[in-house]
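A short worksheet on the structure shown next.
The values are calculated or read from the model by the stated rules, or taken from the named source; none is laboratory data. The structure presented is a predicted model; accordingly, all values stated were derived computationally and were not measured. Note that each Cβ is placed from the backbone with ideal geometry, even for glycine, and that neighbours are counted across all protein chains shown.
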Amino acid sequence: MSPLDNIKVVLVGTLYTGNVGSACRAMANMGIHKLVLAAPNLQNSWDEGERMAVHATDILHGRQDFATFEESVADCVAVVGTTARGGLYRQHVRAPRDCASDILSIAATGPVALVFGREDKGLLNEEVAQCTHLIRIPVDEGYTSINLAQAVLITCYEFFTAAGTYQPPHEKAPPAPQAQKMQLMKNWQTMLQDIGFMNEKQTDHMMQGIHRIFSRGVQTKDDAAIMLGVARQALWAHHNPTLEGRKPSIG
């Protein structure tokens, strides 16, 4: 069982069903599937919520509704509130990335609530007082307000990453040994001479550039110019199979 299975997203006093649906989609992306609405104050129909949830309607339909915030977190061993505002009782906030691992350790022992406040005014002071942890998403000081569903996505992403369940794709083929790389360079040198890209006097200079490109990729304008020249000369050689009298092209 993953600690993520013990994480539930609690939306407090939510106003718009579209934000609830979008939050469901964000949760599904990050492997979190328990949604709770605490004292919802919805101003529109669930049609928008259904539409915004897309393929995460199972989370939307499986949500739990509670009349009060206290009831929604009563079974939790940790209550993690999110806040963008400052103040006397909000000074101990941490970024989600800085505390996700610690909170996941707690989630291994029981339910943990990730709490998000109202779209217009966030969590009230009395609700913040009931949180065991406070987190704040780092943003530019010029504009600190974040859309509710986006806040859910960012926070859940940090917990998903900290859980270590994602395995990035990796290259199946083993690294090329140096002997194979040097043979590749020899073959390229022969090919570039045969198509007339360079003559013998230019070989050492041009192959240094080719070596660099194969080692680090095309990064500079000079790198790109060399590879464009190779492509143009190769096309010329393809359409003009008689090489006699050709001039090398290096640009």
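Summary of computed values
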{"read-out": "Residues that are within 32 Å of the chain's Cα centre (by Cα) and touching a residue at least 24 places away in the same chain (Cβ under 8 Å), drawn from region 213-241", "value": "Phe214"}
{"read-out": "Cβ pairs under 7 Å, 6+ apart, first in region 28-40 and under 12 Å from Cys156 (Cα atoms), second surrounded by 18 or more Cβ atoms within 10 Å (Cβ to Cβ) and small (Gly, Ala, Ser)", "value": "Ala28/Ala56"}
{"read-out": "Answer from Gly110, Gly142 - the residue that is assigned by TED's automatic domain parsing to the domain that holds Tyr16 and in contact (Cβ under 8 Å) with a residue 12 or more places away in the chain", "value": "Gly110"}
{"read-out": "Breaking point among (1) over 24 Å from the mean Cα position of the chain (by Cα); (2) under 24 Å from Thr161 (Cβ atoms); (3) assigned to a loop (DSSP other than H, G, I, E, B), for Asp75", "value": "(2)"}
{"read-out": "Residue check for Ala84: at pLDDT below 95, under 28 Å from the mean Cα position of the chain (by Cα) and assigned by TED's automatic domain parsing to the domain that holds Thr155", "value": "yes"}
{"read-out": "Condition met for Asp98 (among the acidic types (Asp, Glu) and either without any contact (Cβ under 8 Å) to a residue 12 or more places away in the chain or loosely packed, with under 12 Cβ neighbours inside 10 Å (or both))", "value": "yes"}
{"read-out": "Count of region 7-19 residues which are on the phi < 0 side of the Ramachandran plot and out of contact with any Ser or Thr (no Cβ under 8 Å at 6 or more places or on another chain)", "value": "9"}
{"read-out": "Flag if Glu126 is in a helix (DSSP H, G or I), assigned by TED's automatic domain parsing to the domain that holds Ala84 and exposed (fewer than 11 other Cβ atoms within 10 Å of the Cβ)", "value": "yes"}
{"read-out": "All positions within region 87-139 that are at pLDDT 95 or above and aromatic (Phe, Trp, Tyr)", "value": "Phe116"}
{"read-out": "Candidates Asp65, Asp5, filtered to the one that is in a strand (DSSP E or B) and within 26 Å of Gln130 (Cβ to Cβ)", "value": "Asp65"}
{"read-out": "Some residue of region 22-29 being assigned to a loop (DSSP other than H, G, I, E, B) and either closer than 12 Å to Leu114 by Cα or assigned by TED's automatic domain parsing to the domain that holds Gln130 (or both)", "value": "no"}
{"read-out": "Residue match in region 158-173 (condition: more than 18 Å from Ile103 (Cβ to Cβ) and at pLDDT 95 or above)", "value": "no"}
{"read-out": "Failed item in (1) more than 21 Å from the chain's Cα centre (by Cα); (2) of a type outside the set (Ser, Thr, Tyr); (3) closer than 26 Å to Tyr16 by Cα; (4) not in a helix (DSSP H, G or I), with Gly110 passing the rest", "value": "(3)"}
{"read-out": "Test: Glu158 is among the acidic types (Asp, Glu), over 19 Å from Lys34 (Cβ atoms) and in a helix (DSSP H, G or I)", "value": "no"}
{"read-out": "Long-range neighbours under 6 Å by Cβ, at least six apart or interchain, first residue in contact (Cβ under 8 Å) with a residue 12 or more places away in the chain within region 173-200, second small (Gly, Ala, Ser) and surrounded by 13 or more Cβ atoms within 10 Å (Cβ to Cβ)", "value": "Ile195/Ala234; Ile195/Ala237"}
{"read-out": "Filter pass, Phe159 being in contact (Cβ under 8 Å) with a residue 12 or more places away in the chain, crowded, with 16+ Cβ neighbours inside 10 Å and within 38 Å of the chain's Cα centre (by Cα)", "value": "yes"}
{"read-out": "The listed residue being touching a helix residue (DSSP H, G or I) at 6+ places or on another chain (Cβ under 9 Å) and in a loop (DSSP other than H, G, I, E, B), out of Pro169, Pro138", "value": "Pro138"}
